[in-house]
Every structure is written in structure tokens, then in C-alpha cells.
1. Hey, can you tell me all the residues within the range 164-192 that are in a strand (DSSP E or B) and either more than 20 Å from residue 31 (Cβ to Cβ) or in contact with a Pro (Cβ under 7 Å, 6 or more places away or on another chain) (or both)?
2. Suppose we filter the range 53-88 for residues that are assigned to a strand (DSSP E or B) and more than 18 Å from residue 141 (Cα to Cα); how many remain?
3. Report every pair of residues separated by at least 6 positions or lying on different chains whose Cβ atoms are under 8 Å apart, first residue within the range 200-214 and in contact (Cβ under 8 Å) with a residue 24 or more places away in the chain, second of a type in the set (D, E, K, R) and assigned to a loop (DSSP other than H, G, I, E, B).
4. Where the second residue is at pLDDT below 95 and the first is of a type in the set (D, E, K, R) and lies in the range 233-253, which pairs have Cβ atoms under 6 Å and are six or more apart or on separate chains?
5. In the list 249, 259, which residue meets the criterion of being within 16 Å of the chain's Cα centre (by Cα), surrounded by fewer than 19 Cβ atoms within 10 Å (Cβ to Cβ) and at pLDDT 90 or above?
6. Are any residues in the range 32-64 among the hydrophobic types (A, V, I, L, M, F, W, C) and at pLDDT 95 or above, and if so, which ones?
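The values are calculated or read from the model by the stated rules, or taken from the named source; none is laboratory data. This structure is a prediction, so every number in the text was calculated from the model and none was measured. For neighbour counting, all protein chains shown are included, and Cβ atoms are generated from backbone atoms with ideal geometry for every residue, glycine included.
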Amino acid sequence: MKKLFLTSLLAVAAVSGAHAANVIDGNPLYMPSAGHFYSVSSLSSHSETEKDWTLGEQFGFGITDKFAIELGTSLSEWESFDDYGWNNLALKATFRAFEQGGIVADIYGGFEVAGNPAVWNAMAGIPGGGLFYHNKAADKSWWFDKDLTGYTWTAGARLGYTSGAFTIAGHAEYIYLNSEAFNWNEKGLHQVALGLDGQFVIDSNWNLVAGAEYTGVTNDHMAYADVEDPAKVENAGIWTGYFGVNYNIDATKYVGAYINGSMNHHGGDKADEWIGDRGYGFGVQFGIDF
């Protein structure tokens, strides 16, 4: 599961800062104003894989004050560049359906081409995948390899409350993953994610953020490749959580430092056995609205 952490910190930056006139500062209800671009750059790793790093970039634009689009991607290297790859390319659209008196409701959807986490676990010695992957031991590179690439559709909603002192926001998502972009058969991986994110404002420069999310598999599927009998896999899932500190350079720029962790269960015969990831993920971010 450690490989998942190399990109999991990128999710923290998917939405950022809105407690004061759409200020980008790490707030989970951020949306850019009409005509504004934003960028969040991330560098992350894991305490158990100190030679592995992921560089991520999310770039968005406010089409109106209530509708924004976002493009995200990331690059990773493993074992001091023995292996490296271009992990993903994701497109997301968010519509602010309601905003009044500090209460905010968003609906959003997205499509992503990325390395398939189930494949990462299944193929010994191959930690990555996605759009491009190079493996030094095999002296080989892959571009959009069907065995290493997954296509994910996401639809979700977020409801939150924001004030000058704090923000709290809950979200619910449906996620569908398959080996082809428009393959809607029963062999796809169906998931539901439920999460809660928050921010506490210390002063005009500093704020704290934290959140937790549970993602569960809703159909029998080979969700984790180390399960002895894939046919028994049901109700598999994973808890992830993060904590971060952000510093506002000014009203349009911030930097942040984050840690995260997870525990998972494989379902079936191991439905009640929770396994915590050894160590923790960590990373830094730089966000700007312009």
C-alpha cells in the first residue's frame, strides 16, 4: 500500500482555501473566482520508501464564480531513479450549486487515466504504471500499457460550512475503475468514498488542516492482489487520513507541509482484520491564485 501514498497527498490539494473571498490557503471549499487561474504543486514521499518521490501539479481555472475546471498530473521515481514514470492525467469539473450564509454545496465529476493500484500490488518488482513507466531491471519502458493502466470515472458531492475561524466539509463519491475508458461491464471496480475535511484558522498567516476518508469496494473484485482467493474479496476498503500546516505568504500564495497514513482491510475471510500501513506519507505544497 505504500505506493498509494506517493500520490495520496496530491488529493489534499484537489481543493484549497475559501474562508475569505476565495483566498487560496488550504481550505477544503476553495473555488477560484471567474477568470482566475490557480496552481498547486506538490512533492511527496513515504517514510518507508525514502528513495521514492512524487511530483504533482494541479492547474485550474474559474470559468464563472460557480464553475471551475481542473487538470492534474504527477511524475514519480523509485529507488533513486532506478524506475520512474508519468503516473496520471486527470480532468475534473466542479459546480457550486449553493452558497449562502457560510453554507456551501458543490457537485463535481472527473475522469482520470492512471496506474492501476491493484496491478502495482499484483506484479512483483513493478511499482508503477500509468501513462509511462520505465523499469531498470527489465531495461524496458511502457507507454499506456493495458496491463498497467486504469481508467477512473468519479462523481461526487460536497457539503460544508465556512467562517472566518474554521471550515468543515463532508463529501461522498462514486468511483468506477476499469482497464478501458468506456468498459462498463461487471468486471469493473465499483467504489464509494465518504470523507470529512476541515480547517482551523490560527491567524492571518497560519492555519491547520486535517481530514479522513473511507473508500470501500461495493462489488466482489480483486481489489488487493495479495488476497489468496480473489473470488472471496468483498467489502474491501481503506481508511486514509492526513494532517497539515499551511502558511499564507499573502492573499494569493501559500506553502504547506503534510503527513498522512492509512489502514485497510481486504474483505472476505479477512473482513475484520485491519492492517495499518507501516510508516507515514509526507509532503509539501505550494499554491498560488492568479
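1. Pass one, the range 164-192, residues in a strand (DSSP E or B): 166-178, 189-192.
Across the range 164-192, the qualifying residues are 167, 169, 174, 175, 176, 177, 178, 189, 190, 191, 192.
2. The first filter runs over the range 53-88 and keeps only residues assigned to a strand (DSSP E or B), leaving 53-64, 67-78, 83-88.
Those left that are additionally more than 18 Å from residue 141 (Cα to Cα): 53-64, 67-73.
Residues in the range 53-88 being assigned to a strand (DSSP E or B) and more than 18 Å from residue 141 (Cα to Cα): 19 in total.
3. 207/25
4. Taking only residues 6 or more apart or on different chains, the pairs are 234/220; 234/267; 234/268.
5. Values: 249 fails: within 16 Å of the chain's Cα centre (by Cα).
After ruling out the rest, the residue left standing is 259.
6. 34, 37, 40, 43, 55, 59, 61, 63
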